[in-house]
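Novice: Could you have a look at this structure, given as structure tokens, before my questions?
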Amino acid sequence: MTRTEIVIIGGGPAGSATASGLAALGRDVVLIERTAKPHNKVCGEFLSVETQVQLRRLGLDPSALGAVPIEQVAVYSSSRSVTSALPFRALSLSRYRLDHALLQGAQDSGARLKRNAAAKSVTPAGCGWNVLCDDGETIYGRHIVLATGKLGLRGVDDSRDGSLVGLKMHLRLSPVARRVIEGQVELFFLDDSYIGLELIEDGIANLCLVLPCATVAWLGPGWPALHVYLASVLPSLRERLAGAEPLWDKPLAVVCPAGGHLHRERGLAIYRVGDQLAHIPPFTGDGLAIALASAALAVDHIRLGRPPDVYLAAARRLTAVPIRLASIISGLARSSGGRNLMLAAAACAPGLIGTIIRRTRLTLPQRDFEAD
Ligand SMILES: Cc1cc2nc3c(=O)[nH]c(=O)nc-3n(C[C@H](O)[C@H](O)[C@H](O)COP(=O)(O)OP(=O)(O)OC[C@H]3O[C@@H](n4cnc5c(N)ncnc54)[C@H](O)[C@@H]3O)c2cc1C
């Protein structure tokens with residue numbers, strides 16, 4: 001059996017950032033990540049200013065990794081479209097590069113990485129916890145940080161609604177479409193679904209969308225059926241995707257909840273970070289910023305010897321308002337009446353989209369921005 005002070009389960013942004021912070025303080029950390037090598041992940045790949053600030057605090061410069069600037073947002077429904085400047089300069093970078101750099105950062109800080117092994121269960125043991133991995137190894141840790149994203153774990157399960165599927169495909173767009181979307185994120189809203197399109201590094205476009213499970217089951221797993229479906233539902237999307245070359249055989253997929261979700265502790269003394277702590281509806285929220293901010297908060301609480309329920313109360317204070325607001329906006333966006341109302345209001349009041357974007361971000365302490 002391996003013994004350590006802190007076991008972190010999940011090497012996505014939340015787990016890697018927690019591991020980096022604790023290892024940099026000289027704490028003994030084992031970080032378990034089930035995948036064997038860098039990989040793509042379902043995500044819009046949009047880095048808000050809050051995400052960028054926190055990445056820089058971890059010593060990562062997204063631009064040096066190839067991130068491209070995004071300065072405006074174009075929103076489309078079947079009947080209207082509105083374009084607006086973003087209230088900050090966003091960046092766009094593949095999760096392949098971002099997650100790999102964060103995991104590497106954790107190792108460089110001194111965390112021990114156990115890769116290509118999944119934690120199967122967590123059980124109380126003495127003053128700490130035993131984590132059983134699927135390669136048969138058991139790791140004992142005094143503290144557990146759960147950072148498995150949307151995936152649950154035996155012993156610490158958290159049942160959630162999973163009525164939507166997030167899908168993602170990297171594409172090489174036609175030169176015309178590429179020129180049109182350069183420097184902007186495009187959001188296409190339909191009943192029960194939304195679609196985001198933006199350029200990432202190396203001139204590649206990331207198409208990311210959320211569809212009801214039933215629609216995905218009906219379409220099947222391949223790209224051609226999805227492409228035909230998307231081209232048929234919105235003329236603006238048909239134009240963008242004309243002549244686009246998919247870079248994978250089929251899109252990546254992950255089941256996700258329709259609304260926001262903020263974890264309520266049920267007596268288990270573990271620290272939950274990232275999507276395990278809180279899920280904010282994609283395209284209206286700031287999931288990566290929440291992942292990194294909850295990691296920083298967990299590091300502080302573990303450093304100060306504060307228990308998980310104190311951490312959870314602080315994390316809830318940080319995330320509750322943006323999650324509530326993003327859930328309302330995403331609910332409105334999924335009904336045709338709500339969508340039309342929002343787009344009509346945005347056409348009359350050009351600052352409205354920027355205000356909504358600002359309000360669904362995390363409020364980080366001002367010192368974070370000053371340090372940047
Ligand atoms: C469709 C969609 C679009 C989005 N777009 C954006 C966006 O543009 N910008 C943004 O800021 N946010 C976006 N988000 C949200 C963002 O992707 C998440 O909030 C973020 O990935 C959460 O990070 P995490 O580390 O908590 O989880 P994850 O990134 O999911 O990482 C979890 C890690 O844990 C590992 N793992 C899981 N189970 C185990 C186990 N049992 N043992 C060991 N390892 C395990 C996984 O392999 C994974 O690497 C989007 C989400 C969706 C669904």
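The values are calculated or read from the model by the stated rules, or taken from the named source; none is laboratory data. Because the structure is a prediction, the values reported are computed rather than measured. For neighbour counting, all protein chains shown are included, and Cβ atoms are generated from backbone atoms with ideal geometry for every residue, glycine included.
Novice: Being surrounded by fewer than 17 Cβ atoms within 10 Å (Cβ to Cβ) and outside any loop (DSSP other than H, G, I, E, B) narrows it down to one of Ala64, Ala74, so name that one.
Specialist: Numbers: Ala74 fails: surrounded by fewer than 17 Cβ atoms within 10 Å (Cβ to Cβ).
None of the other options fit; the residue is Ala64.
Novice: Here's another thing I want to ask about it. Conditions first: (1) among the hydrophobic types (A, V, I, L, M, F, W, C); (2) under 21 Å from Arg97 (Cβ atoms); (3) assigned to a strand (DSSP E or B); (4) in contact (Cβ under 8 Å) with a residue 60 or more places away in the chain. Leu207 passes all but one, so which condition is the exception?
Specialist: (4)
Novice: Ok, one more. Residue check: is Arg264 at negative phi, surrounded by fewer than 14 Cβ atoms within 10 Å (Cβ to Cβ) and either modelled with pLDDT under 90 or basic (Lys, Arg) (or both)? Lay out the reasoning, then the answer.
Specialist: Numbers: at negative phi: yes; surrounded by fewer than 14 Cβ atoms within 10 Å (Cβ to Cβ): yes; either modelled with pLDDT under 90 or basic (Lys, Arg) (or both): yes.
It is true that Arg264 is at negative phi, surrounded by fewer than 14 Cβ atoms within 10 Å (Cβ to Cβ) and either modelled with pLDDT under 90 or basic (Lys, Arg) (or both).
Novice: Would you pick out the residues in the stretch 77-93 that are farther than 22 Å from Cys43 by Cβ and part of a loop (DSSP other than H, G, I, E, B)?
Specialist: Our first condition is that a residue be farther than 22 Å from Cys43 by Cβ; within the stretch 77-93, this holds for 77-85.
If the condition is that a residue be farther than 22 Å from Cys43 by Cβ and part of a loop (DSSP other than H, G, I, E, B), then Ser77, Ser78, Ser79, Arg80 are the ones that fit.
Novice: Taking Ala177 as the residue in question, decide whether it is closer than 30 Å to Ala90 by Cβ and touching a residue at least 60 places away in the same chain (Cβ under 8 Å).
Specialist: Values: closer than 30 Å to Ala90 by Cβ: yes; touching a residue at least 60 places away in the same chain (Cβ under 8 Å): yes.
Yes: the conditions hold for Ala177.
Novice: Quick one: in the stretch 257-298, of everything that is of a type in the set (D, E, K, R) and within 10 Å of the ligand (Cβ to nearest atom), which residue is farthest from Glu50 (Cα to Cα)? I'd like the intermediate steps shown before the answer.
Specialist: Of all residues in the stretch 257-298, those of a type in the set (D, E, K, R) come to 264-266, 272, 275, 286.
With within 10 Å of the ligand (Cβ to nearest atom) added as a condition, the list becomes 272, 275, 286.
On the way: Arg272: 20, Asp275: 17, Asp286: 9 Å.
The residue in question is Arg272.
Novice: While we're here: Can you work out which of the residues in the stretch 111-131 that are in a loop (DSSP other than H, G, I, E, B) and within 11 Å of the ligand (Cβ to nearest atom) is nearest to Ala269 (Cα to Cα)?
Specialist: Step one: of the stretch 111-131, the residues in a loop (DSSP other than H, G, I, E, B) are 111, 116-118, 126-127.
Now drop any that are not within 11 Å of the ligand (Cβ to nearest atom), which leaves 116-118.
On the way: Asn116: 26, Ala117: 23, Ala118: 21 Å.
By that ranking, first place goes to Ala118.
Novice: Among the residues that make up the stretch 98-106, is at least one of them closer than 19 Å to Pro282 by Cα and of a type outside the set (D, E, K, R)?
Specialist: yes
Novice: Still on this structure: What do you reckon, is Leu211 surrounded by 13 or more Cβ atoms within 10 Å (Cβ to Cβ) and touching a helix residue (DSSP H, G or I) at 6+ places or on another chain (Cβ under 6 Å)? Give the steps one after another, and end with the answer.
Specialist: Numbers: surrounded by 13 or more Cβ atoms within 10 Å (Cβ to Cβ): yes; touching a helix residue (DSSP H, G or I) at 6+ places or on another chain (Cβ under 6 Å): no.
Considered against the rule, which asks whether it is surrounded by 13 or more Cβ atoms within 10 Å (Cβ to Cβ) and touching a helix residue (DSSP H, G or I) at 6+ places or on another chain (Cβ under 6 Å), Leu211 comes out as no.
Novice: Here's a follow-up. Take the conditions over 17 Å from Phe283 (Cα atoms), under 17 Å from the mean Cα position of the chain (by Cα) and exposed (fewer than 15 other Cβ atoms within 10 Å of the Cβ) and apply them to Gly222. Does it pass? Full working, then the answer.
Specialist: Numbers: over 17 Å from Phe283 (Cα atoms): yes; under 17 Å from the mean Cα position of the chain (by Cα): no; exposed (fewer than 15 other Cβ atoms within 10 Å of the Cβ): yes.
Taking the combined requirement at face value, the residue does not satisfy it.
Novice: Scan the stretch 181-194 and tell me whether some residue there is within 10 Å of the ligand (Cβ to nearest atom), at positive phi, touching an Asp or Glu at 6+ places or on another chain (Cβ under 9 Å) and part of a loop (DSSP other than H, G, I, E, B). Walk me through it before giving the result.
Specialist: Filtering the stretch 181-194 for residues within 10 Å of the ligand (Cβ to nearest atom) gives 185, 194.
Subset that is at positive phi: none.
No, the stretch 181-194 contains no residue that is within 10 Å of the ligand (Cβ to nearest atom), at positive phi, touching an Asp or Glu at 6+ places or on another chain (Cβ under 9 Å) and part of a loop (DSSP other than H, G, I, E, B).
Here is a yes/no grid of residues against (1) among the small types (Gly, Ala, Ser); (2) touching a Gly at 6+ places or on another chain (Cβ under 8 Å):
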site: His39; (1), (2): no, no
site: Asp61; (1), (2): no, no
site: Ala64; (1), (2): yes, no
site: Val75; (1), (2): no, no
site: Leu86; (1), (2): no, yes
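Novice: Considering the stretch 235-284 alone, what residues qualify as being closer than 22 Å to Ser327 by Cβ and β-branched (Val, Ile, Thr)?
Specialist: Of everything in the stretch 235-284, those that are closer than 22 Å to Ser327 by Cβ and β-branched (Val, Ile, Thr) turn out to be Val254, Val255, Val273, Ile280, Thr284.
Novice: Run down Glu33, Glu45, Glu5, Glu50 and say which single residue is away from the ligand (no atom under 15 Å from the Cβ) and not hydroxyl-bearing (Ser, Thr, Tyr). Steps first, answer last, please.
Specialist: Numbers: Glu33 fails: away from the ligand (no atom under 15 Å from the Cβ); Glu45 fails: away from the ligand (no atom under 15 Å from the Cβ); Glu50 fails: away from the ligand (no atom under 15 Å from the Cβ).
After ruling out the rest, the residue left standing is Glu5.
Novice: Which one is modelled with the lowest pLDDT among residues in the stretch 325-335 that are touching a Leu at 6+ places or on another chain (Cβ under 9 Å) and in a helix (DSSP H, G or I)?
Specialist: Taking the candidates together, the pick is Ala333.
Novice: Within the stretch 292-314, identify whether any single residue is assigned to a strand (DSSP E or B) and under 14 Å from the mean Cα position of the chain (by Cα), and answer yes or no. Working first, answer last.
Specialist: Initial filter on the stretch 292-314 (assigned to a strand (DSSP E or B)): none.
No, the stretch 292-314 contains no residue that is assigned to a strand (DSSP E or B) and under 14 Å from the mean Cα position of the chain (by Cα).
Novice: Right, something else. For the stretch 166-175, check the following and say yes or no: at least one residue is at pLDDT below 90, under 19 Å from Cys43 (Cβ atoms) and within 13 Å of the ligand (Cβ to nearest atom).
Specialist: In the first step, residues of the stretch 166-175 are kept if they are at pLDDT below 90; the result is none.
Within the stretch 166-175, not a single residue is at pLDDT below 90, under 19 Å from Cys43 (Cβ atoms) and within 13 Å of the ligand (Cβ to nearest atom).
Novice: Do we find a residue being modelled with pLDDT of 95 or more, touching a strand residue (DSSP E or B) at 6+ places or on another chain (Cβ under 8 Å), part of a helix (DSSP H, G or I) and surrounded by fewer than 22 Cβ atoms within 10 Å (Cβ to Cβ) anywhere in the stretch 94-107?
Specialist: Taking every residue of the stretch 94-107 in turn, at least one turns out to be modelled with pLDDT of 95 or more, touching a strand residue (DSSP E or B) at 6+ places or on another chain (Cβ under 8 Å), part of a helix (DSSP H, G or I) and surrounded by fewer than 22 Cβ atoms within 10 Å (Cβ to Cβ).
Novice: Continuing with the same structure: For the stretch 132-150, how many residues meet the condition of being of a type in the set (Ser, Thr, Tyr) and near the ligand (Cβ under 10 Å from one of its atoms)?
Specialist: Final tally of qualifying residues: 1.
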